[in-house]
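S.K.: What follows is a single structure, and I will ask about it in a moment.
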Amino acid sequence: MKLIVCENYEEMSKAGADIIAALLKSKPKCVLGLATGSTPVGMYQELARMNKAGEITFKDVTSYNLDEYYPLAPDHDQSYRYFMNHNLFDNVDIDKSKTHVPDGLAADPDAMGKAYDEAIEAAGGIDLQVLGLGPNGHIAFNEPEAELYAGTHKTSLTESTINANARFFASKADVPTHAVTMGIGSIMKARKIIVLANGKVKHPVIEKMLAGRITTMCPGTLLLAHADVTLIVDKAAYEG
Ligand code: F6R
């Protein structure tokens, strides 16, 4: 695992954007795996700036997002589809019909998950996957558990994740208790992965990832088994 320690959030965002920009230049028709949450917002802003400046284009890009709350409609202002439109897709020249987010209203989440993974494969697989880290070590919504799913699936959120995400909702009671999420296998199939983490609250997870041991009880550590992972952290996440 490659580690990049940045001075602050802005530098971390720029480092992530530079890696994506390099891919867009070398492979304009690439497949991106994208994450929501507060962490990548600055990186998405930087990508939008680069796009407006004519440095990069998303016009041939296909994207697959990691996860979506369940049940939640795509036009709900806390849905991850809404988040992606607002924070990236509406601000760059991407063809929205090539952007995908797991269906948070799927009547049959198992069938939806299987179709989602098959669609990623059919698109040629993910070239570059962006990940954030939950304070409890989750990646996408693969929460710490003795056993984890390989494929895209429906899952329940832990109390810790519901608490962490309550800041975006009117009240904790409004946070959905479930999500549909790419599984560990779906994520590990990406050819390259970048993980962004900032702030003191992420330090315990970063410490575990740097300790070099793997456990499903901290899903972020599973990334140590991938051949091409770059962990981009700010000083607060690195030093605690
Ligand atoms: C988001 C996702 C989550 C977040 C994680 C960190 O699509 O899959 O795993 O990356 O919860 O969230 P933030 O960035 O808000 O700290």
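S.K.: Quick check on my filter: what residues within region 172-216 are more than 18 Å from Met1 (Cβ to Cβ), small (Gly, Ala, Ser) and out of contact with any Ser or Thr (no Cβ under 8 Å at 6 or more places or on another chain)? Before you say what the answer is, go through the steps one by one.
M.R.: Of all residues in region 172-216, those more than 18 Å from Met1 (Cβ to Cβ) come to 172-183, 185-186, 199-201.
Subsequent filtering for residues that are small (Gly, Ala, Ser) retains 173, 179, 183, 185-186, 199.
If the condition is that a residue be more than 18 Å from Met1 (Cβ to Cβ), small (Gly, Ala, Ser) and out of contact with any Ser or Thr (no Cβ under 8 Å at 6 or more places or on another chain), then Ala173, Gly185, Gly199 are the ones that fit.
S.K.: Let me ask something else about it. Quick one: is Leu47 under 30 Å from Val175 (Cβ atoms), of a type outside the set (Phe, Trp, Tyr), more than 14 Å from the ligand (Cβ to nearest atom) and outside any strand (DSSP E or B)?
M.R.: Working: under 30 Å from Val175 (Cβ atoms): yes; of a type outside the set (Phe, Trp, Tyr): yes; more than 14 Å from the ligand (Cβ to nearest atom): yes; outside any strand (DSSP E or B): yes.
So Leu47 passes the test.
S.K.: Now, a different point. Limited to region 176-193, what total is found for residues that are over 19 Å from Glu147 (Cβ atoms) and within 12 Å of the ligand (Cβ to nearest atom)?
M.R.: Of the residues in region 176-193, 0 are over 19 Å from Glu147 (Cβ atoms) and within 12 Å of the ligand (Cβ to nearest atom).
S.K.: Of the residues that sit in region 96-117 and are farther than 15 Å from Thr152 by Cβ and of a type in the set (Lys, Arg), which one is surrounded by the fewest Cβ atoms within 10 Å (Cβ to Cβ)?
M.R.: Lys96
S.K.: Please determine, by comparing only the residues of region 146-160 that are away from the ligand (no atom under 15 Å from the Cβ) and among the aliphatic types (A, V, I, L, M), which one is farthest from the chain's Cα centre (by Cα).
M.R.: First, the residues of region 146-160 that are away from the ligand (no atom under 15 Å from the Cβ): 146-147, 150-151.
Filter once more, keeping what is among the aliphatic types (A, V, I, L, M): 146, 150.
Details: Ala146: 22, Ala150: 16 Å.
Filtering region 146-160 for residues that are away from the ligand (no atom under 15 Å from the Cβ) and among the aliphatic types (A, V, I, L, M), the one farthest from the chain's Cα centre (by Cα) comes out as Ala146.
S.K.: Out of all the residues in region 146-162, which are buried (at least 16 other Cβ atoms within 10 Å of the Cβ), of a type in the set (Ser, Thr, Tyr) and within 26 Å of Arg213 (Cβ to Cβ)?
M.R.: Hits for region 146-162 are Tyr149, Thr155, Thr158, Thr161.
S.K.: I'd like to verify a number: residues in region 60-90 that are within 13 Å of the ligand (Cβ to nearest atom), under 19 Å from Ala123 (Cβ atoms), touching a residue at least 40 places away in the same chain (Cβ under 8 Å) and not in a helix (DSSP H, G or I), how many?
M.R.: Residues that pass the stated criteria total 5.
S.K.: Inspect region 91-106 for any residue being within 16 Å of the ligand (Cβ to nearest atom), modelled with pLDDT of 95 or more, within 24 Å of His138 (Cα to Cα) and not in a loop (DSSP other than H, G, I, E, B) and give the result as yes or no.
M.R.: Filtering region 91-106 down to residues within 16 Å of the ligand (Cβ to nearest atom) leaves 99-104.
This time we only want the ones that are modelled with pLDDT of 95 or more, so: 99-104.
Checking the rest, the ones that are also within 24 Å of His138 (Cα to Cα) come to 99-104.
Cutting the leftovers down to not in a loop (DSSP other than H, G, I, E, B) gives us 99-100.
Yes; the residues of region 91-106 include at least one that is within 16 Å of the ligand (Cβ to nearest atom), modelled with pLDDT of 95 or more, within 24 Å of His138 (Cα to Cα) and not in a loop (DSSP other than H, G, I, E, B).
S.K.: Which of (1) closer than 17 Å to Leu196 by Cβ; (2) away from the ligand (no atom under 14 Å from the Cβ); (3) in contact (Cβ under 8 Å) with a residue 12 or more places away in the chain is the odd one out, the single condition Ala22 does not satisfy?
M.R.: All conditions are met except number (3).
S.K.: Check off (1) touching a strand residue (DSSP E or B) at 6+ places or on another chain (Cβ under 6 Å); (2) more than 15 Å from the ligand (Cβ to nearest atom); (3) among the charged types (D, E, K, R); (4) over 24 Å from Asp18 (Cα atoms) for Glu118 and give me the number that stays unchecked.
M.R.: (1)
S.K.: Just checking, how many residues over region 124-145 are within 12 Å of the ligand (Cβ to nearest atom), buried (at least 22 other Cβ atoms within 10 Å of the Cβ) and either under 19 Å from Met84 (Cβ atoms) or not small (Gly, Ala, Ser) (or both)?
M.R.: Qualifying residue count for the region: 11.
S.K.: From the list Pro28, Pro74, exactly one residue is in contact with a helix residue (DSSP H, G or I) (Cβ under 6 Å, 6 or more places away or on another chain) and surrounded by fewer than 20 Cβ atoms within 10 Å (Cβ to Cβ). Which is it?
M.R.: Details: Pro28 fails: in contact with a helix residue (DSSP H, G or I) (Cβ under 6 Å, 6 or more places away or on another chain).
From the options Pro28, Pro74, the qualifying one is Pro74.
S.K.: Could you list, in sequence order, all residues of region 1-34 that are small (Gly, Ala, Ser) and in a helix (DSSP H, G or I)? Steps first, please.
M.R.: In the first step, residues of region 1-34 are kept if they are small (Gly, Ala, Ser); the result is 13, 15-17, 21-22, 26, 33.
Result: Ser13, Ala15, Gly16, Ala17, Ala21, Ala22, Ser26.
The values are calculated or read from the model by the stated rules, or taken from the named source; none is laboratory data. This is a predicted model, so every value here is computed, not measured. Ideal geometry is used to build each Cβ from the backbone, glycine not excepted, and the neighbour counts take in all protein chains shown.
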